Amino acid sequence: MTNRRRTGIACIMCKNTIELPEYVGQDYDGDLLCGMCGSLLHIKLDKSEVKQYKVLRDRYEEWKKEERLKSLQETAAKLRRK
Ligand SMILES: [Zn+2]
């Protein structure tokens, strides 16, 4: 018997691989939160195959803004140290 349990699913927004929690088995119908960009997804798995994929809350733009801000702050901090 092969273990066909899916261990991860790609976030459609930021392309990060979201690791599926323990409670997500081969059949799952529920929400999933991307730990990278914070977007909320709804997925439906049937025998580990993705049957449905919806974005419930899109945080990608916000996340990108935050990342940009972070890198700007890092650059500013570096300049200040000189
Ligand atoms: Zn994401």
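A short reminder: the numbers here are calculations on the coordinates, not readings from a lab. This structure is a prediction, so every number in the text was calculated from the model and none was measured. When we count neighbours, we look across all protein chains shown, and the Cβ atoms used for this are built from the backbone with ideal geometry, even at glycine.
Which numbered condition in (1) more than 16 Å from the ligand (Cβ to nearest atom); (2) not in a strand (DSSP E or B) is the only one that residue 29 fails?
(2)
Got at least one residue in segment 33-40 being on the phi < 0 side of the Ramachandran plot, part of a strand (DSSP E or B), of a type in the set (Ser, Thr, Tyr) and within 16 Å of the ligand (Cβ to nearest atom)?
no
Return the only residue of 31, 46 being over 12 Å from the mean Cα position of the chain (by Cα) and in contact (Cβ under 8 Å) with a residue 12 or more places away in the chain.
46
Within segment 66-74, can one find any residue that is touching a strand residue (DSSP E or B) at 6+ places or on another chain (Cβ under 7 Å), more than 10 Å from the ligand (Cβ to nearest atom) and of a type outside the set (Ser, Thr, Tyr)? Lay out the reasoning, then the answer.
Start the filter on segment 66-74 by keeping residues that are touching a strand residue (DSSP E or B) at 6+ places or on another chain (Cβ under 7 Å), which leaves none.
Checked against the condition, which is being touching a strand residue (DSSP E or B) at 6+ places or on another chain (Cβ under 7 Å), more than 10 Å from the ligand (Cβ to nearest atom) and of a type outside the set (Ser, Thr, Tyr), segment 66-74 yields no hits at all.
Can you name every residue in segment 50-75 that is hydroxyl-bearing (Ser, Thr, Tyr) and in a helix (DSSP H, G or I)?
60, 71, 75
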